[in-house]
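Working notes, beginning with the structure itself.
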Amino acid sequence: MSQSCNRAAQPGKRHIGAIGVLLAVALSSPQALPAESGPTILSLGDDSYITWSDVESRTGGTVRRELGDAPLAAFAVVILSNIRYDAIPEAMRNELADYLAGGGTLLVSGGKQAYGSGGYAGTPFATLLPLMPTRDDWLTHPFGPTLIFRPDHPILKDVIIPTMAFFNELDLNSGAQEIAQYRKASKAAFVGGGDPGGRVIEGGGRRPMPLIAEQSVGSGTVLAIALDMTLTGDWKDRDRFAQNCVAYLLQRSTIQSAPLPQEPVTR
């Protein structure tokens, strides 16, 4: 009788042993952490103006804050927020034109460390921007109204842009499409429909200056914002605007992000 019971118990022991082996293999496998399946965003500089957890929920994308050894083409969107030119990884500076030509998208925002004040002027990078730096361009401005040229643009959906003051004075690239413009100037600046540029004109005052513009570079898209997005005061739609910009560029990008290791989002 005891031998019959022992024989009956053997299949159960073998089954339990097999489960233990499979469980041990699964736990030790390097594939235990899944790779990302959505688009990946590279964000460099001070991006404290945007809630990334909301962006990830809204778009299915994942943000990274270091280029590391990855090629630029691993990222659907690249963001440069108030960052000096010499702080941008050299590999990225070298690859950027090809990245855009191949369908990548780029968002650049302003500040004391950006555009001309960040060393962009005179570099190959400057020619890719819809708002072009030519000098040290971070200056103090009085709060002034914002003129919207493209109210139907996706980045402005459910967004009201108030008066603005903290931005870089930049030249509009001849191939760019202006979306918004700073309009704090004397009436003399607008006589005869003066064109934007920010230069002092006869009769006093200054011509209006571009705040937001975009342009195509090859198959890619560059969106430039002259504003320091961290210094926009009580702008209640700031986060929504920033998220709209990222969502728009994700939609425009033709880059298929390569899988990267999982990394926790801290913001």
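Candidates are the residues of segment 57-93 that are surrounded by 18 or more Cβ atoms within 10 Å (Cβ to Cβ) and among the hydroxyl-bearing types (Ser, Thr, Tyr); the one that is modelled with the lowest pLDDT is 59. Among residues of segment 148-191 being over 26 Å from residue 118 (Cα atoms), among the hydrophobic types (A, V, I, L, M, F, W, C) and modelled with pLDDT of 90 or more, the one that is surrounded by the most Cβ atoms within 10 Å (Cβ to Cβ) is 156. Is there a residue being modelled with pLDDT of 95 or more, closer than 26 Å to residue 240 by Cα and not aliphatic (A, V, I, L, M) anywhere in segment 27-36? Within segment 27-36, not a single residue is modelled with pLDDT of 95 or more, closer than 26 Å to residue 240 by Cα and not aliphatic (A, V, I, L, M). The set of residues from segment 157-180 being in contact (Cβ under 8 Å) with a residue 60 or more places away in the chain, touching a strand residue (DSSP E or B) at 6+ places or on another chain (Cβ under 7 Å) and within 19 Å of residue 246 (Cβ to Cβ) comprises just one member, 161.
Select from segment 202-229 the residues that are buried (at least 18 other Cβ atoms within 10 Å of the Cβ) and modelled with pLDDT under 95 and write down the one among them that is farthest from the chain's Cα centre (by Cα). Lay out the reasoning, then the answer.
Keep residues of segment 202-229 that are buried (at least 18 other Cβ atoms within 10 Å of the Cβ), which gives 206-215, 217, 220-229.
Then drop every residue that is not modelled with pLDDT under 95, which leaves 206-209.
Details: 206: 30, 207: 29, 208: 26, 209: 22 Å.
Per the stated criteria, the residue is 206.
Listed by position, the strands (runs of 3 or more DSSP E) inside segment 120-181 whose residues that are touching a Lys or Arg at 6+ places or on another chain (Cβ under 6 Å) number at least 3 are 138-144.
Selection over segment 111-147 of residues that are more than 25 Å from residue 247 (Cα to Cα), buried (at least 21 other Cβ atoms within 10 Å of the Cβ) and of a type in the set (A, V, I, L, M) gives a count of 0.
Checking 166, 143 one by one, the residue that is of a type in the set (Phe, Trp, Tyr) and under 21 Å from residue 47 (Cα atoms) is 166 and no other.
The values are calculated or read from the model by the stated rules, or taken from the named source; none is laboratory data. These figures come from a predicted structure and were not determined experimentally. Neighbour counts are summed over all protein chains in view; Cβ atoms, including those assigned to glycine, are modelled from backbone coordinates with ideal geometry.
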